[in-house]
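Below is one structure; the comments refer to it alone.
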Amino acid sequence: MSNQRLSEFDIQEAIKEVANLMGVSARTAPKSAGKDFVVIKVIYGEEVNKLAEEMVHYGEEFSKKNFDRDGDNVKNSLAVLLIGLKEAQSLGLNCGACGYDQCSDRISHKSNEFDGPQCAFRLLDMGIAIGSAVKTAGIMNVDNRVMYRAGVVAKKMGLIDADFVMGIPLSVTGKNIYFDR
């Protein structure tokens, strides 16, 4: 059997399959009280390039550190999985973790980067969904990294309709591009 390298077409198709499986993992991850406020979207190609450019621009415009570095990583990625929360209702435990003693007192507001406050249990739901998605990427040996900065800019660009977002760029190279930066 010959030792062939995957063609770029094969890699793009593989990334699409892995990104879809990551989305399935995020969707089926357990959610508090069985209520799902997690939103998921995958971007490819030109949308990835636009996100990368806007990340660099955002960092320059607002003097925010490392948006250029992460933007460069996104530029060199084949896809970005976006996972967020949209209109996440409080769980109703009145636990105070969001900063309010009573869930009914929590007043949502638009913020510079994300909208909040978010119910801590809904944030945990999103974190579990992210963990499930990156576990799937890991099983498939696809390099990835959870990025706050990609989420900020994806939300600002309207790439995903969500109040709070994280981005997970995906790469298939001989060395993981997201570490040793």
Exactly one condition in (1) assigned to a helix (DSSP H, G or I); (2) closer than 30 Å to Asp180 by Cβ; (3) within 18 Å of the chain's Cα centre (by Cα) is not met by Val24; state its number. (2)
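I'd like to know if region 67-87 contains one or more residues that are part of a loop (DSSP other than H, G, I, E, B) and either aromatic (Phe, Trp, Tyr) or at positive phi (or both). Walk me through it before giving the result.
Filtering region 67-87 for residues part of a loop (DSSP other than H, G, I, E, B) gives 76-78, 86-87.
Those still in the list that are either aromatic (Phe, Trp, Tyr) or at positive phi (or both) too: 87.
Checking region 67-87: at least one residue is part of a loop (DSSP other than H, G, I, E, B) and either aromatic (Phe, Trp, Tyr) or at positive phi (or both).
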Please go through region 108-126 and pick out each residue that is assigned to a loop (DSSP other than H, G, I, E, B) and either buried (at least 20 other Cβ atoms within 10 Å of the Cβ) or touching a residue at least 24 places away in the same chain (Cβ under 8 Å) (or both). Ser108, Glu113, Phe114, Asp115, Gln118, Cys119
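Scanning region 28-46 for residues that are of a type in the set (A, V, I, L, M) and not in a helix (DSSP H, G or I), which turns out farthest from Ala88 (Cα to Cα)? Step through it out loud before you land on a result.
We begin by selecting, within region 28-46, every residue of a type in the set (A, V, I, L, M); these are 29, 33, 38-40, 42-43.
Now drop any that are not not in a helix (DSSP H, G or I), which leaves 29, 38-40, 42-43.
On the way: Ala29: 16, Val38: 8, Val39: 10, Ile40: 14, Val42: 21, Ile43: 23 Å.
This residue is Ile43.
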Examine region 83-98 for a residue that is under 18 Å from the mean Cα position of the chain (by Cα), crowded, with 16+ Cβ neighbours inside 10 Å and within 21 Å of Val18 (Cα to Cα), and state whether such a residue exists. yes
Specify the residue that is surrounded by the fewest Cβ atoms within 10 Å (Cβ to Cβ); the eligible residues are those in region 49-65 that are within 17 Å of the chain's Cα centre (by Cα) and touching a residue at least 60 places away in the same chain (Cβ under 8 Å). Lys50
Every residue in region 53-81 that is over 18 Å from Val142 (Cβ atoms) and of a type in the set (A, V, I, L, M), please. Met55, Val56
So for region 100-114 (the condition being among the small types (Gly, Ala, Ser) and modelled with pLDDT of 95 or more), does at least one residue qualify? no
Look at region 34-43 and say how many of its residues are in contact (Cβ under 8 Å) with a residue 60 or more places away in the chain and over 25 Å from Lys16 (Cβ atoms). 1
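Mind counting the residues in region 149-166 that are surrounded by fewer than 17 Cβ atoms within 10 Å (Cβ to Cβ) and either assigned to a loop (DSSP other than H, G, I, E, B) or touching a Gly at 6+ places or on another chain (Cβ under 8 Å) (or both)? Write out each step before concluding.
Initial filter on region 149-166 (surrounded by fewer than 17 Cβ atoms within 10 Å (Cβ to Cβ)): 156-158, 161.
Still in the running and either assigned to a loop (DSSP other than H, G, I, E, B) or touching a Gly at 6+ places or on another chain (Cβ under 8 Å) (or both): 158, 161.
Qualifying residue count, region 149-166: 2.
Specify which of the listed residues (Val56, Val80, Val42) is among the β-branched types (Val, Ile, Thr) and over 19 Å from Ile15 (Cα atoms).
So the residue among Val56, Val80, Val42 that is among the β-branched types (Val, Ile, Thr) and over 19 Å from Ile15 (Cα atoms) is Val56.
Inspect all residues belonging to region 59-69 and state whether any of them is more than 20 Å from Met166 (Cβ to Cβ) and either of a type outside the set (Ser, Thr, Tyr) or at pLDDT below 95 (or both). Break it down into steps so the answer makes sense when it comes.
Restricting attention to region 59-69, the residues satisfying the condition of being more than 20 Å from Met166 (Cβ to Cβ) are 60-61, 63.
Imposing the further condition that a residue be either of a type outside the set (Ser, Thr, Tyr) or at pLDDT below 95 (or both) reduces the set to 60-61.
Yes, there is a match, as at least one residue in region 59-69 is more than 20 Å from Met166 (Cβ to Cβ) and either of a type outside the set (Ser, Thr, Tyr) or at pLDDT below 95 (or both).
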Based on what the data block shows, is Ala129 in contact with a strand residue (DSSP E or B) (Cβ under 7 Å, 6 or more places away or on another chain), assigned to a helix (DSSP H, G or I) and either buried (at least 17 other Cβ atoms within 10 Å of the Cβ) or at pLDDT below 95 (or both)? yes
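The values are calculated or read from the model by the stated rules, or taken from the named source; none is laboratory data. Because the structure is a prediction, the values reported are computed rather than measured. In this analysis, Cβ positions are derived from the backbone assuming ideal geometry, glycine residues included, and neighbour counts consider all displayed protein chains.
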